[in-house]
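S.K.: The following block contains the structure, expressed as structure tokens.
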Amino acid sequence: MKRSTKALLGLLLITSCGEDPVPKPRGWFRIDLPEQSYTAWGNDSTFSLEVPAYARMAERTAKGEARWFDLRFPQQRATVHLTWSPVHGRMQALIEDAHAFKAQHEAKAAKIRSERVLRDSVRVFGTLFDVEGDVASPMVFYLTDSTHNFLYGALYFDSRPNADSLSPVTDRIREDIRHMAVTLRWR
């Protein structure tokens, strides 16, 4: 062997001796959620409700009589897409569409829980669907007055579905959606 090769091997042996390596546990980014607070939001022709103070509501261009809104959570990289439609005697079809969308998640869902909304005093009725598992939309809902207004909503994240890592954020936004359902008023 050449002298330089022997010197290099000797140097490697000397520097490789030391403490045993310790594997580091796998970690995830810390998720700091903002303080829970709400602000009033309203549209002159459709509905009003309280939205999280850390979210932004924006109206999008829609076709026909329907109105589209995005409730954007920028820090959480999530959006609740909302569609308001006039009923015009199509109540059964609108409800079936909402259930059909929820049914698309059944193949991937670990569990789907439904929660009824019945607020007779302000004529707000509907169902909130908690969809658990690695699904595209972990919460889907519809709210209606059963005669004139129908509001459909679905929560989406800007990332690949991973229920375990998104759980704290998903749980918070589910609470926010429940609060919106409790404060919804038709115009």
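The values are calculated or read from the model by the stated rules, or taken from the named source; none is laboratory data. In this text the structure is predicted, and so the values were computed from the model without any measurement. Note that we place each Cβ from the backbone using ideal geometry, even for glycine, and neighbour counts take in every protein chain shown.
S.K.: If only one of 85, 137, 146 is in contact (Cβ under 8 Å) with a residue 40 or more places away in the chain, closer than 24 Å to residue 66 by Cα and part of a loop (DSSP other than H, G, I, E, B), which one is it?
M.R.: 146
S.K.: Here are some residues: 87, 80. Which one is out of contact with any Lys or Arg (no Cβ under 9 Å at 6 or more places or on another chain) and hydrophobic (A, V, I, L, M, F, W, C)?
M.R.: Every option except 87 fails the conditions.
S.K.: Got a number for residues in the stretch 25-53 being surrounded by 10 or more Cβ atoms within 10 Å (Cβ to Cβ), among the hydroxyl-bearing types (Ser, Thr, Tyr) and either touching a Cys at 6+ places or on another chain (Cβ under 6 Å) or under 16 Å from residue 178 (Cα atoms) (or both)?
M.R.: Counting residues in the stretch 25-53 that are surrounded by 10 or more Cβ atoms within 10 Å (Cβ to Cβ), among the hydroxyl-bearing types (Ser, Thr, Tyr) and either touching a Cys at 6+ places or on another chain (Cβ under 6 Å) or under 16 Å from residue 178 (Cα atoms) (or both) gives 3.
S.K.: Run down 174, 178, 123, 187 and say which single residue is within 24 Å of residue 41 (Cβ to Cβ), surrounded by fewer than 19 Cβ atoms within 10 Å (Cβ to Cβ) and modelled with pLDDT under 95.
M.R.: From the options 174, 178, 123, 187, the qualifying one is 187.
For every residue, the table says whether it meets (1) within 21 Å of residue 187 (Cβ to Cβ); (2) touching a residue at least 24 places away in the same chain (Cβ under 8 Å); (3) not in a loop (DSSP other than H, G, I, E, B).
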site	(1), (2), (3)
92	no, no, yes
96	no, no, yes
108	no, yes, no
118	yes, no, yes
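S.K.: Shifting gears a bit: Can you name the condition, by its number, that residue 100 falls short on among (1) farther than 24 Å from residue 179 by Cα; (2) in a strand (DSSP E or B)?
M.R.: Result: residue 100 fails condition (2) only.
S.K.: Here's another thing I want to ask about it. Return a yes/no flag: does the stretch 72-83 have any residue that is within 16 Å of residue 141 (Cβ to Cβ) and either among the small types (Gly, Ala, Ser) or more than 17 Å from the chain's Cα centre (by Cα) (or both).
M.R.: yes
S.K.: Give the residues of the stretch 28-57 that are under 11 Å from residue 69 (Cβ atoms) and of a type in the set (Phe, Trp, Tyr), sorted by residue number.
M.R.: 41, 47
S.K.: State the number of residues belonging to the stretch 2-48 that are at pLDDT below 75 and part of a helix (DSSP H, G or I).
M.R.: Of the residues in the stretch 2-48, 6 are at pLDDT below 75 and part of a helix (DSSP H, G or I).
S.K.: Give the stretch 136-156 a look and list any residue that's among the hydrophobic types (A, V, I, L, M, F, W, C) and closer than 14 Å to residue 108 by Cβ, or say none.
M.R.: Of everything in the stretch 136-156, those that are among the hydrophobic types (A, V, I, L, M, F, W, C) and closer than 14 Å to residue 108 by Cβ turn out to be 136, 140.
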